[in-house]
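In what follows, a structure is listed as structure tokens, so that the remarks can point back to it.
The values are calculated or read from the model by the stated rules, or taken from the named source; none is laboratory data. Just so it is clear, the model here is predicted, and its values are computed rather than measured. Cβ: placed from backbone, ideal geometry, glycine included. Neighbour counts: every protein chain shown.
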Amino acid sequence: MMALYFLTFKPMYSRGELALPLVKVKEKFQVTIPTELREALHLTVGDLLEATIENETIVLTPKAVVDRKAAWNGVIEVMERVHAKQRPRSQDPKEEEKEIAREIKAYRKHHARSPHRSH
């Protein structure tokens, strides 16, 4: 399921009226994301955004790129650790699944990175 971001902004007033951040489509269809939005999502130069259309609205979603080889190496590393700890087959298969899930969770926690800093 896609994560949705609901942002709140400090009210911006122009000539006493509430104003929302606007962007202008420039040459080559480029737009500048307003500072308020960039800061709220911690975007930096080089971050990737997925562009989709939802109900006639352009939606930009921050995305992280994961190196496939590094990801598989991580999975193999976790599997090897689980295998090294594996007891004789007397263990209940459901308990084995729980142990694998705990190892994966521990690995992810130890190697956690911000999804916006994966360059």
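Summary of computed values
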{"read-out": "Residue in the stretch 8-22 that is modelled with pLDDT of 80 or more and among the hydroxyl-bearing types (Ser, Thr, Tyr) present", "value": "no"}
{"read-out": "So residue 43, is it more than 20 Å from residue 111 (Cα to Cα) and not in a strand (DSSP E or B)", "value": "yes"}
{"read-out": "Every residue from the stretch 53-70 that is outside any loop (DSSP other than H, G, I, E, B), within 16 Å of the chain's Cα centre (by Cα) and not basic (Lys, Arg)", "value": "59, 60, 61, 62"}
{"read-out": "Scope the stretch 15-40; condition of a type in the set (A, V, I, L, M, F, W, C), surrounded by 13 or more Cβ atoms within 10 Å (Cβ to Cβ) and part of a helix (DSSP H, G or I); matching residues", "value": "37, 40"}
